[in-house]
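S.K.: Sending over a structure as structure tokens; questions will come in a sec.
The values are calculated or read from the model by the stated rules, or taken from the named source; none is laboratory data. The model shown is predicted, which means the values in this text are computed figures rather than measured ones. Reconstructed Cβ throughout: ideal geometry from the backbone, glycine too, with neighbour counts over all protein chains shown. SASA here: full protein model, heavy atoms, side chains in, ligands and nucleic acids out. Shrake-Rupley method; radii C 1.70, N 1.55, O 1.52, S 1.80 Å.
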Amino acid sequence: GPYGFVLDATTVGFPEDATADAKIRISDADDATVTDTSATVFTVKPLLQMTNPITGHEVWVVNSTQTITWNRKGTNVANVKIEYSTDSGSIYTPVLESEGTVNDGVVANDGSFAWTIPDAISNVPNKKIRISTMPLTDPWATSVVSPLFKIVGALTLTNPTSVDKWGVGTTKNI
């Protein structure tokens, strides 16, 4: 009958690698001479799971630094590509970064990336983050996409200062 198991490091004898050439062999626990192996190969994709942004209610401020985070499995996936969309996911642009080829969005698959928020202000939540395993041409490549979030501007009030004294009825520039 059917048997379910998790394909990760807790599965005895199963490497935690993404591959397009996986096979399964089963054997009788009471008679090791009774075995069977899958006739064809199958694909084991790496796991990416976005952990920030995740709620869909994030409001990030232009020029602030926000940490994009993700969980990952697939020990042979060294890099991911991080992109953002300003149109609810129709078109994606690589994040600006300085690893490897500058500004191609490709960073180490270490589970986090500090992103300086670009000037892409909107009054509605229409931004998304996409993280993809690299290289994109691998047969086991996979992506994960965040829920929508919003980027807003920041205001800085520079006047009046703590030493200013304004009189009642006067007009001042702020």
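S.K.: Counting alpha carbon pairs within less than 8 Å and at least 6 residues apart, what relative contact order, in whole percent, applies to the range 89-141?
M.R.: Working: 31 pairs, mean separation 12.4, N = 53.
This gives 23 percent for the range 89-141.
S.K.: Same structure again: Please report the carbon-and-sulfur percent of the accessible area for the chain; probe 1.4 Å, protein heavy atoms only, DNA, RNA and ligands left out.
M.R.: Summing carbon and sulfur atoms, their accessible area is 53 percent of the total for the chain.
S.K.: Give a residue-ordered list of calculated ³J(HN,Hα) values for the range 78-92 (Karplus: 6.51 cos²θ - 1.76 cosθ + 1.60, θ = phi - 60°; whole Hz; x for Gly, Pro).
M.R.: Result, rounded to whole Hz: 7, 10, 10, 10, 10, 10, 10, 10, 10, 9, 6, x, 6, 10, 10.
S.K.: Under 5 Å between amide hydrogens, which residues at least 5 positions from ASN126 or on another chain qualify, with H placed 1.01 Å from N in the peptide plane?
M.R.: Here PHE149, ILE151 satisfy the definition.
S.K.: Placing unit charges on C-beta atoms (Lys and Arg positive, Asp and Glu negative, everything else neutral), compute the dipole magnitude of the chain about its Cα centre in debye, rounded to 20.
M.R.: For this selection, approximately 940 debye.
S.K.: Using only alpha carbon pairs under 8 Å that are at least six residues apart, calculate the relative contact order of the chain and give it in whole percent.
M.R.: Relative CO of the chain lands at 22 percent.
S.K.: Quote the accessible area belonging to ASP31 in square angstrom, nearest 10, computed with a 1.4 Å probe and with ligands, DNA and RNA left uncounted.
M.R.: Surface accessible to solvent at ASP31 totals approximately 60 Å².
S.K.: Please count, across the chain, the pairs of lysine residues with Cα atoms under 29 Å apart that sit 8 or more places apart or on different chains.
M.R.: Taking the chain as the scope, the lysine pair count is 16.
S.K.: Please report how far the C-alpha centroid of the range 20-48 lies from that of the range 84-149, rounded to the nearest whole angstrom.
M.R.: Using only Cα atoms to place each centre, the spacing works out to 35 Å.
S.K.: Might you tell me the accessible area per residue for the range 22-85, computed with a 1.4 Å probe and given in Å²?
M.R.: Working: 3930 Å² over 64 residues.
It amounts to 61 Å² per residue over the range 22-85.
S.K.: If a paramagnetic tag sat 7 Å from the Cα of ASN123 along the Cα-Cβ line, which residues of the range 134-170 would have the backbone N under 19 Å from that point?
M.R.: Flagged as within label range: 149-155.
S.K.: Hey, if you drop one equal point scatterer on each alpha-carbon of the range 33-87 and run the Debye formula without solvent, what base-10 log of I(q)/I(0) do you get at q = 0.19, 0.20, 0.30 Å⁻¹?
M.R.: Log10 of I(q)/I(0), two decimals: -0.89, -0.94, -1.35.
S.K.: Here's something else I'd like to know. GNM, the chain, Cα, under 10 Å: largest mean-square fluctuation among PHE42, PHE113, PHE149?
M.R.: Its mean-square fluctuation being the largest, the pick is PHE42.
S.K.: Residue by residue through the range 150-158, which ³J(HN,Hα) values in whole Hz follow from phi under the Karplus form 6.51 cos²θ - 1.76 cosθ + 1.60 (θ = phi - 60°), with glycine and proline marked x?
M.R.: So the Karplus estimates, Gly and Pro as x, are 10, 10, 10, x, 10, 10, 10, 7, 9 Hz.
S.K.: For a quick check: with amide H placed at 1.01 Å from N, whose amide H comes under 5 Å from ASP17's, ignoring anything fewer than 5 positions away on the same chain?
M.R.: For ASP17, the qualifying residues are THR75.
S.K.: Give me the number: length gained by fully extending THR33 to ASN173, i.e. 0.36 nm times residue separation minus the C-alpha to C-alpha distance, one decimal in nm.
M.R.: In short, 41.5 nm is gained.
S.K.: From the C-alpha gyration tensor of the chain, pull out the three semi-axes of the equivalent ellipsoid (sqrt of 5λ each), sorted largest to smallest, in whole Å. Display every interim value, and only then the final one.
M.R.: On the way: eigenvalues 520, 49, 37 Å².
Those come to 51, 16, 14 Å.
S.K.: How large is Rg over Rh for the range 85-127, taking Rg from the Cα atoms and Rh as the Kirkwood inverse mean of 1/r across Cα pairs?
M.R.: My calculation of the ratio gives 1.00.
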